[in-house]
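**Student:** Below is one structure. I have some questions about it.
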Amino acid sequence: MCLAVPVCVTEVLEDNNARVRVGEGETYLIVSTMLLEKAPKVGDYMIVHAGFALRVLEENEAREALTLLREVAETGQVVEF
């Protein structure tokens, strides 16, 4: 199973890349934005999977997803679908 994680753009780089912060932590990644319709801006939230930004999220949507992921991580419970 794979997990796509919401990230926040901290810097827009050359060649369709962006530096992003994962969640509210201190983990930063360089991700490709080549699959997006338009270039993101600093402060935008995106959903990222396997190093590629898949789409831009509304801030409230990203924060809700991060809250849910944090709750799952804190409980240690596995959710089956």
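The values are calculated or read from the model by the stated rules, or taken from the named source; none is laboratory data. Note that this is a predicted model, so its numbers are computed, not measured. Note that each Cβ is placed from the backbone with ideal geometry, even for glycine, and that neighbours are counted across all protein chains shown. All accessible areas refer to the heavy atoms of the entire protein, side chains included, with ligands and DNA or RNA removed. Shrake-Rupley method; radii C 1.70, N 1.55, O 1.52, S 1.80 Å.
**Student:** Taking into account only those residues within the stretch 23-59 that are open to solvent by 40 Å² or more (accessible area, probe 1.4 Å) and part of a strand (DSSP E or B), which is nearest to residue 69 (Cα to Cα)?
**Tutor:** The extreme case among them is 49.
**Student:** Does the stretch 1-53 hold any residues that are in contact (Cβ under 8 Å) with a residue 24 or more places away in the chain and of a type in the set (Gly, Ala, Ser), and which are they?
**Tutor:** The answer is 4, 18, 23, 39, 43, 50, 53.
**Student:** Anything in the stretch 1-22 that is within 23 Å of residue 64 (Cβ to Cβ) and assigned to a loop (DSSP other than H, G, I, E, B)? List them, or say none.
**Tutor:** 1, 2, 3, 4
**Student:** May I pose another question? Regarding residue 75, is this residue exposed (fewer than 12 other Cβ atoms within 10 Å of the Cβ) and modelled with pLDDT under 90?
**Tutor:** On the way: exposed (fewer than 12 other Cβ atoms within 10 Å of the Cβ): yes; modelled with pLDDT under 90: yes.
The answer is yes for residue 75.
**Student:** Looking at the structure I just gave you, is residue 55 of a type in the set (Lys, Arg) and in contact with a Phe, Trp or Tyr (Cβ under 8 Å, 6 or more places away or on another chain)?
**Tutor:** Details: of a type in the set (Lys, Arg): yes; in contact with a Phe, Trp or Tyr (Cβ under 8 Å, 6 or more places away or on another chain): no.
No; evaluated as a whole, the condition is false for this residue.
**Student:** Also, I was wondering about something else. If residue 9 meets every condition in (1) modelled with pLDDT of 95 or more; (2) exposed (fewer than 12 other Cβ atoms within 10 Å of the Cβ) apart from one, which number is that one?
**Tutor:** (2)
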